[in-house]
Amino acid sequence: EMLNRSSLILDNRCSKILGGTFHSFANVTLRKYSKAVGLENNFTILDQSDSEDVINLIRSQSGLISKEKRFPNKRTLGKIFSLNVNTEISIKAIVEDDYPHFRDDLEEILKVSAAYKSYKRKNNLLDYDDLLIYLKIFLQELSPAAKSLLSKLNFVMIDEFQDTNKLQNDIVKGLTQLNNNLMVVGDDSQSIYAFRGANFKNIIDFPSQFSNVKIITLEENFRSTQPILNFANRIVDASLEKFPKNLFTHKKSSNVPMIVAALTENLQSKFVVDKILELREEGIPLKEICVLFRSSFFSFDLEIELSKANLPFQKFG
């Protein structure tokens, strides 16, 4: 999509750029250079649902499902195996840290993991994580095929670098090992995918991982007003690890953000309802008032309080 847009703005040279997500780039590369990593180029890709079904099949055939004993379901096993690949943390450590209630099942979990890998190899199947694993192997082994690919990559750019994981960071190093010409874009204060294995240390440690690094800070903001940015700057200043920056804008406002500490979720909901009633009394239409949530399930208590106050509302996901 982005390459098509670029072609429309500039010219069709943009269509010659290799671009996409890590996974789509890996898919195209592995199809072309499959023999170099011991793959058939007609491999089938398992999406998350397919992967979980295969894991469930192995789980069932292993006789690990019973009414007497609880065993991780297919989704949990999939998460464990995926975290293991993307963070390069052992399954044992992941189970002990994130799923301690399944600690006694570690041996069986490892057996399912081994059987899952064997099943994929036997049936010429790759899941999303395998795409990245094989791409990393292909780049690190630096075969003549890999050198051929890398010789054509004069520039590499990675977006949202703060949300890359250990495996993706290794791939970036592999892609730039010959030309060392890399640009990453990211915000060290905005990493939100740690639950998927993303590690903001990738961007924090970038200057020490690569040579002759130049840091360009993008400090002008075009959306917010200065009081909101002052608030954001104070929060970022408290970070122990960061790239120093000072956000500013030319949008002026006398309104300052308010911080309200509520003892309970219900008191928070009641405060929001009271504030909405005040604004309505001041003549502000309800359609000009919105409440933002990180996730939709955080709104349930507020919905009850809004209904009690006979305040109509619309919920958008």
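The values are calculated or read from the model by the stated rules, or taken from the named source; none is laboratory data. Keep in mind the model is a prediction, meaning the values are calculated, not measured. A quick note on method: Cβ atoms are made from the backbone with ideal geometry, for glycine too, and the neighbour counts reach across all protein chains shown. Heads up: the accessible areas ignore ligands, DNA and RNA and are worked out on the full protein's heavy atoms, side chains in. Shrake-Rupley method; radii C 1.70, N 1.55, O 1.52, S 1.80 Å.
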How much accessible surface area, in Å² rounded to 10, belongs to the heavy atoms of Val260 with a 1.4 Å probe?
70
Collect residues whose amide H, placed 1.01 Å from N in the peptide plane, falls under 5 Å from the amide H of Asn165; neighbours closer than 5 in sequence don't count.
Asn199
Checking Leu306, Leu182, Leu126 against a Gaussian network model of the chain (alpha-carbon springs below 10 Å), the top fluctuating residue turns out to be Leu306
For the stretch 52-210: rounded, prolate or oblate by the Cα gyration tensor [a/c cutoff 1.5]:
oblate
If contacts are Cα pairs under 8 angstrom and at least 6 residues apart, what is the relative contact order of the stretch 71-168 in percent?
35
Residue of Glu281, Glu219, Glu52 that the Gaussian network model of the chain assigns the largest fluctuation, springs spanning Cα pairs under 10 Å:
Glu281
Cleavage-rule hits (trypsin sites (Lys or Arg not before Pro)) in the stretch 181-238: DSSP loop, at most 11 neighbouring Cβ within 10 angstrom:
Lys214, Arg223
In Å², what does the accessible area per residue of the stretch 166-300 work out to with a 1.4 Å probe?
72
Label-point separation, His101 to Ala194 (7 Å along Cα→Cβ), nm:
2.2
Hydrodynamic radius of the stretch 1-76 per Kirkwood, over alpha carbon pairs, in Å:
16.2
Pairing the Cα long axis of helix 48-61 with the longest principal axis of the chain, what angle in degrees results, from 0 to 90 and rounded to the nearest 10?
60
Alpha-carbon spread of the stretch 130-232, three principal axes, descending order, Å:
56, 30, 23
Share of carbon and sulfur in the accessible heavy-atom surface of the chain [1.4 Å probe, %]:
53
By how many degrees, 0 to 90 and rounded to 10, does the Cα axis of helix 265-281 deviate from the longest principal axis of the chain?
50
Quick check on my link table: of Lys152/Lys242; Lys287/Lys308; Lys32/Lys122; Lys79/Lys245, which ones sit more than 24 Å apart, alpha carbon to alpha carbon?
Lys152/Lys242; Lys79/Lys245
Tell me, what are the semi-axes, in whole angstrom and largest first, of the equivalent ellipsoid of the stretch 178-224 as set by the roots of 5 times the Cα gyration tensor eigenvalues?
21, 18, 9
Under Stokes-Einstein, the stretch 27-130 at 37 °C and 0.692 mPa s, with its Kirkwood radius over C-alpha pairs, diffuses with a coefficient in µm²/s of 225
Just check the chain against the gyration tensor rule for me: Cα atoms, a ≥ b ≥ c as the square roots of the eigenvalues, rounded for a/c under 1.5, and otherwise prolate or oblate depending on whether a/b exceeds b/c.
oblate
Taking the chain as the reference, fit the longest principal axis to its C-alpha atoms, fit the long axis of helix 74-87 to the helix C-alpha atoms, and give the angle between the two in degrees, 0 to 90, nearest 10.
80
Which residues does a label at Met183 reach in the stretch 130-157, if reach means a backbone N under 14 Å from a point 7 Å past the Cα toward the Cβ?
154-157
Please report, to one decimal in angstroms, the Kirkwood hydrodynamic radius of the stretch 97-147 built from all distinct Cα-Cα pairs.
13.4
So how much slack lies between Leu240 and Leu279, counting 0.36 nm per residue of separation and subtracting their Cα-Cα distance, in nm?
10.2 nm
Listed residues Thr44, Thr164, Thr29; largest mean-square fluctuation, Gaussian network over the chain with Cα springs below 10 Å, found at Thr44
Report, largest value first, the span of the C-alpha coordinates of the stretch 209-298 along each principal axis, in whole Å.
58, 31, 21
Please give the contour-minus-distance gain from Asn42 to Ile137: 0.36 nm per residue of separation, less the Cα-Cα distance, rounded to one decimal in nm.
32.3 nm
Could you compute the net charge surrounding Asp170? Neighbours are other residues with a C-beta less than 12 Å from the C-beta of Asp170; K and R count +1, D and E count -1.
+2
